[in-house]
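Here's the structure we're looking at; comments come further down.
Bear in mind that the values in this text are calculations on the coordinates, not laboratory data. Treat the numbers as computed from the prediction; the structure is a model and nothing was measured. Quick reminder, even Gly has a Cβ in these numbers, built from the backbone with ideal geometry, and neighbours come from all protein chains shown.
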Amino acid sequence: MTSKQAIVARTDLGMGDGKLAAQVAHASLQAYEQAGPDSQREWKADGQKKVVLQASGEAQIHDLADQARREGLPHAVISDAGHTQLEPGTVTAVAVGPASENLVDRVTGELSLL
């Protein structure tokens, strides 16, 4: 079975490209660290497939995290430290997986690509 990770970033904040990339990277790494060693190994062997998707706001980020939790999937919600463009504690992104592609799609499959 193919594994993947979906990273969902807020589009309503007006983050610059660099800020957005940093938030996506934070989410990807933090969720990877939540995965078990078998999931980590499988995802690496599968080429570390990732998709970056759009969220309309903070409520959607929390809803996705709740869905991931219910599915038993590794996930991470990212809050910004507030050193540059955003206020401290601003929720910017969530990553779901790495896990089986079909399980990740149960949570994020209806979202649009960023």
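Taking every DSSP bridge with both residues inside the chain, close to 65 percent are antiparallel.
Seen from every direction in turn and averaged, the convex hull around the alpha carbons of the chain projects onto 6.5 nm². In the chain, the calculated helix contribution to ellipticity at 222 nm averages -13500 deg cm²/dmol per residue, counting -39,500 (n - 2.57) for every DSSP H run with n ≥ 4. The modelled label-to-label distance between MET1 and ASP66, using points 7 Å beyond Cα along the C-beta direction, is 2.5 nm. By the beta-carbon count within 10 Å of each Cβ, the least crowded to most crowded order of THR92, THR2, fewest first, is THR2, THR92. Under a model in which nothing but the beta-carbon of Lys, Arg (+1) and Asp, Glu (-1) is charged, the chain shows a dipole of about 240 debye around its Cα centre.
The distance between label points at LYS49 and GLN85 comes to 2.9 nm (points 7 Å beyond Cα on the Cα→Cβ vector). Each of HIS62, GLY82, ALA45 was scored by the projection of its Cα onto the charge dipole of the range 34-114, and the greatest displacement toward the positive side belongs to ALA45; charges sit on the C-beta of Lys, Arg, Asp and Glu.
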